Amino acid sequence: AGVVRIGRVAHQLLNDEPESATITFYNSFARTYEGHGSDRAVLAGLLGMDTDDERIRSAPDLAKEKNFTYKFKAVSNASALHPNSIRIVATSGDQTVEVLGVSRGGGLVSILEVDDFNCHFTTDNHTLIITASDKPGSIAFVASILAHEGCNIATMTVDRRGKNDLAQLVLEV
């Protein structure tokens, strides 16, 4: 279930059906992804399926029908990463999204990176991801809009390339 959810995050961030994807399984996932069905699960998520969708088993066939090309990579020696880590680079048209996630068991996930920005969210709450120029007051501005709309911020992660450079704000509400 966790691998489906990680794939679905990439699908939602892409905001379209993917045309191609490179999926890298790390560490223990690199040795078990085929036998455990994680290959089918990540494709199902990339195709927008939820964890209880009966079509998960046939995700490779559905991907082929949609002309969605993909390749799997296995990296067994990524000691800095959690044993159940997966990286997805998915493309549709001129848009590309990159997601690094961890399947923690029982359908629980942690998303650790989005488009090379460090973050940490679980997909348990509605999540807003904003990538924009790093400007003073921008976090306060976004928080005030959410407060005005009655949204409560549960978690917030901010990462930036550098001062006054590109930044990413991840808010779970």
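The values are calculated or read from the model by the stated rules, or taken from the named source; none is laboratory data. Please read all numbers here as calculations on a predicted model, not as lab measurements. Don't worry about glycine lacking a Cβ; one is built from the backbone with ideal geometry, like all the others, and counts go over all protein chains shown. For the accessible areas, the whole protein counts, side chains as well, though only heavy atoms, and no ligand, DNA or RNA atoms are used. Shrake-Rupley method; radii C 1.70, N 1.55, O 1.52, S 1.80 Å.
May I ask you to list the residues in the stretch 26-42 that are assigned to a helix (DSSP H, G or I) and either among the aliphatic types (A, V, I, L, M) or surrounded by 20 or more Cβ atoms within 10 Å (Cβ to Cβ) (or both)?
Filtering the stretch 26-42 down to residues assigned to a helix (DSSP H, G or I) leaves 28-32, 38-42.
F29, A30, S38, R40, A41, V42, listed by residue number.
I need a count of the residues in the stretch 1-20 that are open to solvent by 20 Å² or more (accessible area, probe 1.4 Å) and either under 16 Å from Y70 (Cβ atoms) or not in a loop (DSSP other than H, G, I, E, B) (or both).
Just the residues of the stretch 1-20 that are open to solvent by 20 Å² or more (accessible area, probe 1.4 Å), to begin with: 1, 5, 8, 11-13, 15-17, 19-20.
Restricting the remaining residues to those that are either under 16 Å from Y70 (Cβ atoms) or not in a loop (DSSP other than H, G, I, E, B) (or both) gives 5, 8, 11-13, 16-17, 19-20.
Number satisfying all stated conditions: 9.
Out of the residues in the stretch 47-103 that are among the hydroxyl-bearing types (S, T, Y), farther than 20 Å from F29 by Cβ and open to solvent by 50 Å² or more (accessible area, probe 1.4 Å), which is farthest from the chain's Cα centre (by Cα)?
T69
Go through (1) farther than 23 Å from E17 by Cβ; (2) part of a strand (DSSP E or B); (3) of a type in the set (D, E, K, R) for K71 and report which single condition fails.
Every condition holds for K71 apart from (1).
Kindly evaluate I23 against the criterion of being touching a residue at least 60 places away in the same chain (Cβ under 8 Å), within 22 Å of L171 (Cβ to Cβ) and outside any loop (DSSP other than H, G, I, E, B). Please lay out each step first, then the result.
On the way: touching a residue at least 60 places away in the same chain (Cβ under 8 Å): yes; within 22 Å of L171 (Cβ to Cβ): no; outside any loop (DSSP other than H, G, I, E, B): yes.
Answer is no for this residue.
Among (1) farther than 23 Å from L128 by Cα; (2) modelled with pLDDT of 90 or more, where does A30 come up short?
In the conditions (1) farther than 23 Å from L128 by Cα; (2) modelled with pLDDT of 90 or more, A30 misses (2) alone.
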